[in-house]
1. Calculate the length of the line joining the C-alpha centroid of the stretch B:32-107 to that of the stretch B:216-249, in whole Å.
2. Identify unpaired cysteines across chain A, taking unpaired to mean no other cysteine Cβ lies under 4.7 Å from the residue's Cβ.
3. Could you name every residue in the stretch A:372-388 that has 30 Å² or more less accessible surface in the full protein assembly than in its own chain alone (probe 1.4 Å, ligands and nucleic acids excluded)?
4. With θ taken as phi - 60° and the coefficients 6.51, -1.76 and 1.60, list the Karplus ³J(HN,Hα) couplings across the stretch B:242-256 in order, rounded to whole Hz; mark glycine and proline as x.
5. Taking the Cα centre of the stretch A:73-136 as the origin and placing charges on Cβ (Lys, Arg +1; Asp, Glu -1), which of A:Ile134, A:Val111, A:His90 is farthest toward the positive end of the dipole?
6. Expressed as a whole number of Å, what is the distance separating the alpha-carbon centroids of the stretch A:285-306 and the stretch A:85-119?
7. Given points 7 Å out from each Cα along the Cα-Cβ axis, report the A:Lys440 to B:Ile51 separation in nanometres with one decimal.
8. Averaging over every viewing direction, what projected area does the convex hull of the Cα atoms of chain A cover, in nm²?
Amino acid sequence: MLSLFTFPQGGVHPPEKKELTANLQIETMPVPDELEIILGQHIGAPCTPTVAKRAEVKEGEMIGQVTKGLGVPLHSPVAGKVKDLGMSVHPMRTSAPSITITVDHGAVPLVYEKQDWESQEAKELLARVHDAGIIGIGGAGFPTHVKLSPPTDNPINTLILNGAECEPYITADHRQMVEHVTEVVEGAKIILKILGIQKCIIGIENNKPDAIAAMIKAAKEGSTSRYLVSVNALKVKYPQGSEKQLIQAVTNRKVPAFALPSAVGVVVQNVSTARAVYDAVALGKPLCEKVVTISGKGITRPANLLVKIGTKVSDIVAYLGGTAPGLTKVVMGGPMMGFAISNLDVPVTKTTSAVLFLTEGEIDTRPHSQCIRCGWCLDACPMGLEPKEIGIYVEANRAEDTEPLGVFECFECGSCAYVCPAKRPLVQFIRLAKMKAKRK
Amino acid sequence: MWTVVACLVPPLIMSVFVFGIQTLLITAVSVISCVAVEAASQKMLGRAVTIKDGSAVITGMLLAFVIPPGVSPLLPILAAVMAIYIGKHILGGIGYNFFNPALLGRAFLLATFPVAMTSAWLPPLQDGAILKYLGTSIDAVSTATPLAVMKEHGAAAFTQAFGSGSSLYLNFFLGWRPGCIGETSALLILLGGLFLIYRGYTTWHIPVSVLGTIALLTWVVGGKGYFTGDPLLAVMSGGALLGAFFMANDYVTCPTNKKSQIVYGIGIGALTVLIRLKGGYPEGICYAILLMNPLSPVFDGWFKPKRFAPPLGGDK
Ligand code: SF4
Ligand code: SF4
């Protein structure tokens, strides 16, 4: 038996609900007739279109670029024609600028060939990661090339690949680790080379024994005297996959508040991002598609779908046989940290990991009430905050005074709201508190 | 919340066996009046009515549990008004009341009906060590609770009355003895309390610190000389178990932080022993909890949860 790694403080155990899709092979969805590619896919500045309306684009061609500030270029996932430079429905904001492409179904899909990368300079590899538009596709969407060039004042010695996938329902990373083991490990090696370090630890929650077994095997085969890749099995506990908690579980180091993982000599990447790095560097393929878990009792056929960036949720629903009766809520992302969407025309972005179709039995619709001071949220918070206090401040119209309570250390994992017996919308309170406290 | 109610049902059934059907009547009156007063207060104050959450039912049950079985069923109605309207809705409102409503109700009754509240004990119905005692020194209806006998008549009378050694402990453990409605059977209350801990509704911190302190202090200073007190009896009598598992740890009125909970529990334990030994009132835990209730926020201010990691360069 492997000994399991975990973070000590707080955490919760929501029902995993992964059985709906855990054993379903990644399935490639046929490209729909139209894609809507949102220009702001990542944290940082949105892209400016580099193509004009009605222009012909080739598969993998750059269609947007960041002119100023932090960001990566955007590519066309298909050959086709730019139909419009307009607005799309956005999962969090109401709408966002996008490029609409009419897909040319007759075009021959590109075939990417494996290229040698080991003989190349780290700088060269890093540039390719940037050029391929790679961002952290596990969730936050931080440009990967920036994470891979950490400030030089703290020497980095460990790369952690995040395969925890601790959100209920989602199995996209799980399937990557079962079906694309060698790519993930080789992606890790590319990142190690870019960082100029030797050691990579892959953290996987223990509810994915097949992924752990496959990754251990591949890690052994892929390790050389130059690259040391290993696997740590993690205890199943939410939010095991949060960056700070994962680093603590695996290395026992604590990242200070407001600091980057590099402060403790660590860089964290998601396993699927490692796969994307492999595609970018070893195959020369830009990031234009994404494995998305479609699950919940409200969809006729749950699946792990490989879709083109820009595919609309409504197209996915049609492909999977429509929604099932009883559907009450559609969530983009996991049930803990995701956002409810009301319009199915939302397109998939680089950071979409799941779209959940939840029925009444799968969500809690009870109204919230007063805090009864049970203190459960204190015990659940992995950051050691007092969510109840923040909620009380917000309700007392003192949201702007919550900074001393540590609102900015909260990463909105939702553990507090999950355990709250009064069903208080603590994460919404905290988001509001952050907004007001920032303005102060 | 309904789980807590379920945990209180076995002691209630037990009380029917021990004291007779009137305990059920008193409890029913108490629960119904608490729920009714809750609904009425919330209506009157223009707040949302929350009787479905079960908390008024719990208050009603606990209120009945801490009054003697022989009182008039009108008493709990008065206590319910005090507990729910004044204690819960006027002094704070849901989540903000700083006194445990059930105990406030009891304290109110004790102040207004001191005779009934300290003499309306009923003897256990069935034959046992206690029954023999009933015919002897004290009038049967005004049977006093064990701690009162101990205090007023001394250890000899006590032993004579309740037996000694293992039969004494057994009577207390099972509940064959006079006392308030719900506080008699140590076994059932303990089981209910442990179940709540097992299910995660409460944690061990408050019950253990309360009971541990009572046991320790009683052992040290509760006997004739030092270190001769009877910790086991101290824990099993005077409502200590009911208070520790179902009242001291009431979410709203206890501290939220584990460390503050332990300090709070020790405070309750110490005050209980102090009141039992020096005060005029043997069932001290009721006042001990009420006295510590308003200190909860103070303790929570002392101990904050440990933040994950401070920012580099310390706090601004
Ligand atoms: S959402 Fe924020 S406050 Fe709530 S548990 Fe997570 S980190 Fe703590
Ligand atoms: S879990 Fe909910 S009810 Fe309990 S203290 Fe926290 S906010 Fe209040």
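The values are calculated or read from the model by the stated rules, or taken from the named source; none is laboratory data. It should be emphasised that the depicted structure is a prediction, and the values quoted were computed from it without experimental measurement. Cβ sites come from the backbone with ideal geometry, for glycine too, and all protein chains shown count toward neighbours. What goes into the accessible areas is simple: the full protein's heavy atoms, side chains included, and nothing from ligands, DNA or RNA. Shrake-Rupley method; radii C 1.70, N 1.55, O 1.52, S 1.80 Å.
1. 28 Å
2. A:Cys47, A:Cys166, A:Cys200, A:Cys288, A:Cys371, A:Cys374, A:Cys381, A:Cys410, A:Cys413, A:Cys420 - these cysteines have no disulfide-compatible partner (Cβ-Cβ under 4.7 Å) in chain A.
3. Residues meeting the cut-off: A:Ile372, A:Arg373, A:Cys374, A:Trp376, A:Leu378, A:Asp379, A:Met383, A:Gly384, A:Glu386.
4. Residue by residue, the stretch B:242-256 yields 4, x, 6, 8, 10, 10, 4, 9, 3, 3, 5, 9, 9, x, 9 Hz.
5. Farthest along the dipole direction, towards plus: A:His90.
6. 16 Å
7. Result for the modelled spin labels: 4.1 nm.
8. Orientation-averaged projected area of the Cα hull: 21.1 nm².
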